[in-house]
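Enquirer: Next up is a structure, given as structure tokens.
The values are calculated or read from the model by the stated rules, or taken from the named source; none is laboratory data. Predicted model, so just to flag it, every value in this text is computed and none were measured. Don't worry about glycine lacking a Cβ; one is built from the backbone with ideal geometry, like all the others, and counts go over all protein chains shown. We work out accessible area using only protein heavy atoms, side chains counted, and drop any ligands, DNA or RNA first. Shrake-Rupley method; radii C 1.70, N 1.55, O 1.52, S 1.80 Å.
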Amino acid sequence: MNNYYDPFDNDALTANANYSHMTGKIRSHESFQEPDYEDNPSDMVNHPDHYMVGGIEALTVIEAKLGGKSNEMYRGYLMGNIMKYLMRSPYKGKRVEDLKKAEFYLHELLDCFNG
């Protein structure tokens with residue numbers, strides 16, 4: 001028996017694969033309007049608007065799918081993001097923002113060990 005969480009072994013995926021509950025016409029991607037982030041600035045470090053879909057933040061979904069704060073897969077995801085933002089910070093022209101994003105993920109990782 002392995003101790004790994006299988007993010008694909010759940011009833012939700014089966015339920016989500018059944019689109020018969022959808023009604024109405026499905027719009028093409030051309031009919032969706034791109035949000036104007038410059039006119040509506042968000043907290044680009046802690047809660048960027050572009051990571052909120054349907055009222056659920058992407059990180060919350062990722063945490064749940066990777067087994068929660070006590071799971072090494074989720075902790076590895078957080079460590080990877082910390083490294084990514086530290087490594088790219090000198091190159092994208094937003095050094096302080098990238099360092100704050102690394103700090104955000106570091107706090108998330110610390111929270112995994114603090115309960």
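Enquirer: Within segment 68-115, which residues are open to solvent by 30 Å² or more (accessible area, probe 1.4 Å), touching a Phe, Trp or Tyr at 6+ places or on another chain (Cβ under 9 Å) and either on the phi > 0 side of the Ramachandran plot or in contact (Cβ under 8 Å) with a residue 60 or more places away in the chain (or both)?
Expert: Scanning segment 68-115 gives a single hit, M73.
Enquirer: Another question about this same structure. Condition first: over 14 Å from the mean Cα position of the chain (by Cα), among the basic types (K, R), within 20 Å of M44 (Cβ to Cβ) and assigned to a loop (DSSP other than H, G, I, E, B). Can you find one or more residues in segment 85-95 that meet it? Walk me through it before giving the result.
Expert: From segment 85-95, those over 14 Å from the mean Cα position of the chain (by Cα) are 85-95; that's our starting set.
Next, from what is left, pick out any that are among the basic types (K, R): 88, 92, 94-95.
Next, only the ones that are within 20 Å of M44 (Cβ to Cβ) stay: 88, 92, 94-95.
Pick out the ones that are also assigned to a loop (DSSP other than H, G, I, E, B) and you get 92, 94.
Scanning segment 85-95 turns up at least one residue that is over 14 Å from the mean Cα position of the chain (by Cα), among the basic types (K, R), within 20 Å of M44 (Cβ to Cβ) and assigned to a loop (DSSP other than H, G, I, E, B).
Enquirer: Mind telling me which of the residues E72, E57, E108 ends up being acidic (D, E), at pLDDT 95 or above and under 17 Å from M44 (Cα atoms)? Explain how you work it out, then say what you get.
Expert: On the way: E72 fails: under 17 Å from M44 (Cα atoms); E57 fails: at pLDDT 95 or above.
E108 is the lone residue from the list that is acidic (D, E), at pLDDT 95 or above and under 17 Å from M44 (Cα atoms).
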